[in-house]
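Remarks on the structure that follows.
The values are calculated or read from the model by the stated rules, or taken from the named source; none is laboratory data. Remember, it's a predicted structure, so these values are computed and weren't measured experimentally. FYI the Cβ positions are ideal-geometry reconstructions off the backbone, even for glycines, and counts take in every protein chain you see. The accessibility values were calculated without ligands, DNA or RNA, using every heavy atom of the protein model including side chains. Shrake-Rupley method; radii C 1.70, N 1.55, O 1.52, S 1.80 Å.
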Amino acid sequence: MLELPDADLGDCPAAASDLAEPVVTSDELLRGKLLHVFRDVVDVPGRGHGVREWIKHPGASAVVPLFADGTVALVRQYRHGPRREFLEIPAGKLDPGEAPEACARREVQEETGLIVGKLTPLGPLYPAIGYSDEVIHIFLGEDLTLSETNEDDTEVVRPIRLPFDQAVRLAQTGAIADMKTVAALLRADALLQSR
Ligand SMILES: [Mg+2]
């Protein structure tokens, strides 16, 4: 029978992993405005060479903005890839050199007009580990005050406010289907339950 040892998978960077795949060659296939696409040849432990196509991404932050009355601010946004509208938590990519916390506050303010007083980390999310290094830093945002939205002029987002419990139910049923939003709502719910 296969022995399954207890897992300690907290943070296991390449240097610490016996499963790491050293890169033999790396070719850049596309350098876009947002994405860099590469095709790498790697040395797979005990298996010889393998091909790994992957997308380099700058990383992002996303926030569950929770009001004291138990409602949450989400944004409606149309997404070109899947060609449909989604209900999402405010989020956006890191500017060069920007810390995840600063990015989180900036994105909430730009997309909803809310200023976040207290940020609580809810851990990293890797939305596409099969083909990208993208990591989304997610947070619970509290002590909210209203200022002005400052939208990116090429992106339309429409903030809405609904009960947090309802948002969690929508995430559980699939009515909210954006990965970062589902995961962040469930992590925020677990944190709030534990308080
Ligand atoms: Mg955004």
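Given the criteria open to solvent by less than 50 Å² (accessible area, probe 1.4 Å), closer than 27 Å to Glu53 by Cβ and within 12 Å of the ligand (Cβ to nearest atom), does Ala91 qualify? Quick ask: steps written out before the conclusion?
Values: open to solvent by less than 50 Å² (accessible area, probe 1.4 Å): yes; closer than 27 Å to Glu53 by Cβ: yes; within 12 Å of the ligand (Cβ to nearest atom): yes.
Answer is yes for this residue.
Tell me, yes or no, whether segment 103-114 has at least one residue that is in contact (Cβ under 8 Å) with a residue 60 or more places away in the chain, open to solvent by less than 20 Å² (accessible area, probe 1.4 Å) and either touching a Ser or Thr at 6+ places or on another chain (Cβ under 7 Å) or assigned by TED's automatic domain parsing to the domain that holds Gly70 (or both). Before the answer, list the steps.
Of segment 103-114, the ones in contact (Cβ under 8 Å) with a residue 60 or more places away in the chain are none.
No: zero hits.
Which of the strands (runs of 3 or more DSSP E) found entirely inside segment 14-98 contain at least 2 residues meeting this: within 22 Å of Gly130 (Cα to Cα)?
Numbers: elements: 23-31, 36-44, 48-56, 60-65, 71-79, 84-88, 91-93.
By residue number, 23-31, 36-44, 48-56, 60-65, 91-93.
If you take the residues in segment 45-62 that are in contact with a Leu (Cβ under 9 Å, 6 or more places away or on another chain) and more than 16 Å from the ligand (Cβ to nearest atom), which one is least open to solvent (accessible area, probe 1.4 Å)? Outline the logic, then answer.
Let us first name the residues in segment 45-62 that are in contact with a Leu (Cβ under 9 Å, 6 or more places away or on another chain), namely 45, 53, 55-62.
Pick out the ones that are also more than 16 Å from the ligand (Cβ to nearest atom) and you get 45, 53, 55-56.
Working: Pro45: 65, Glu53: 99, Ile55: 39, Lys56: 92 Å².
If we take residues in segment 45-62 being in contact with a Leu (Cβ under 9 Å, 6 or more places away or on another chain) and more than 16 Å from the ligand (Cβ to nearest atom), then Ile55 is least open to solvent (accessible area, probe 1.4 Å).
Taking the criterion of being closer than 16 Å to Leu34 by Cα, among the hydrophobic types (A, V, I, L, M, F, W, C), open to solvent by less than 80 Å² (accessible area, probe 1.4 Å) and touching a Gly at 6+ places or on another chain (Cβ under 9 Å), would at least one residue in segment 63-73 satisfy it? Can you show your working first?
At the first step, the residues of segment 63-73 found to be closer than 16 Å to Leu34 by Cα are none.
No, there is no match, as no residue in segment 63-73 is closer than 16 Å to Leu34 by Cα, among the hydrophobic types (A, V, I, L, M, F, W, C), open to solvent by less than 80 Å² (accessible area, probe 1.4 Å) and touching a Gly at 6+ places or on another chain (Cβ under 9 Å).
Can you confirm whether Arg31 is modelled with pLDDT of 95 or more and loosely packed, with under 12 Cβ neighbours inside 10 Å? Reasoning before the result, please.
Details: modelled with pLDDT of 95 or more: yes; loosely packed, with under 12 Cβ neighbours inside 10 Å: yes.
In short, yes.
Name the one entry in Glu148, Glu101, Glu142, Glu111 that is part of a loop (DSSP other than H, G, I, E, B) and on the phi < 0 side of the Ramachandran plot. Spell out the reasoning first.
Numbers: Glu101 fails: part of a loop (DSSP other than H, G, I, E, B); Glu142 fails: part of a loop (DSSP other than H, G, I, E, B); Glu111 fails: part of a loop (DSSP other than H, G, I, E, B).
Within the list Glu148, Glu101, Glu142, Glu111, the selection yields Glu148.
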